[in-house]
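Student: This structure is in structure tokens; I'll ask about it shortly.
No value in this document is a laboratory result; all are computed from the given coordinates. All figures in this text were calculated on a predicted structure; none of them were measured in a lab. All Cβ positions, even for glycine, are placed from backbone atoms using ideal geometry, and neighbour counts span all protein chains on display.
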Amino acid sequence: MQADLGLSQTATTPASATPGVSMGDALVRAFNEARGELVGTLVYLLGSQEDANDAAQETFMKCWRNLEELGQVQNLRAFIFRVAMNTATDIRRSAWRRKAKPMGEEEMYAAPANPTSDALEQQEQVQRVRRAIRTLRVEEQEIFLLRENGELTYEQIAEIRSVPVGTVKTQMRTALQKLRKILEEEPGGLQ
């Protein structure tokens, strides 16, 4: 169904070219389809679920306010992520944000009520990866999360960040090398 709207990650035609679908409907559908990955990425970048939800809401409002211009957008999903990354950057730069402290790991992700040993082991691995991601430079975090959470191509990430594709690939490779090194050195290491 996603391909019918021209909203797939590889879409090459503007969403406005889809007969019978208004830009507002296309935006709402694309945003809802990307929301989970978008909020997850924003949580990593901003450090709290509340800030991530606020940024996601602001992202939608920015896109909605520019609805008439969305007909020229070739890939609505990539456009939404670009607006979200810009919104996250604005939040991180704001004086208010500098005063706020990111939540700790325990506050950010609630533990299951009755975890099994497999669930506990998986949760520990996820926490190790999250800690490792937070050690990356901001641009490496963004590229890693856009690629892994956002499932965007290197070309889409380059467009979002307004940098050459080669730069994106280099920063992704650097991020993966750093993550691999950190995770291998931690107790429990890579498995």
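Student: Run the dipole for segment 27-86 about the Cα centre, Lys and Arg Cβ at +1, Asp and Glu Cβ at -1, nothing else charged, and hand back the magnitude in debye, nearest 20.
Tutor: Its charge dipole is roughly 200 debye.
Student: Further question on the same structure: Among MET61, MET23, which comes first, second and so on when ranked by fewest other beta-carbon atoms within 10 Å?
Tutor: Going from sparsest to densest Cβ surroundings: MET61, MET23.
Student: A further question follows. May I ask for the Rg/Rh ratio of segment 115-186, computed from Cα atoms with Rh as the Kirkwood radius, given to two decimals?
Tutor: 1.07
Student: Pick out, from LEU42, VAL73, ALA55, the residue whose Cα sits farthest towards the positive end of the charge dipole of segment 37-79, with +1 on the Cβ of Lys and Arg and -1 on the Cβ of Asp and Glu.
Tutor: VAL73
Student: What net charge is computed for the residues neighbouring ILE160, neighbours being all others with C-beta under 12 Å from the C-beta of ILE160, Lys and Arg scored +1, Asp and Glu -1?
Tutor: 0
Student: Same structure again: Under 13 Å Cα to Cα from LYS178, which aspartates and glutamates show up? Leave out anything in the same chain fewer than 8 places away.
Tutor: Excluding near neighbours in sequence, the set is GLU140, GLU186.
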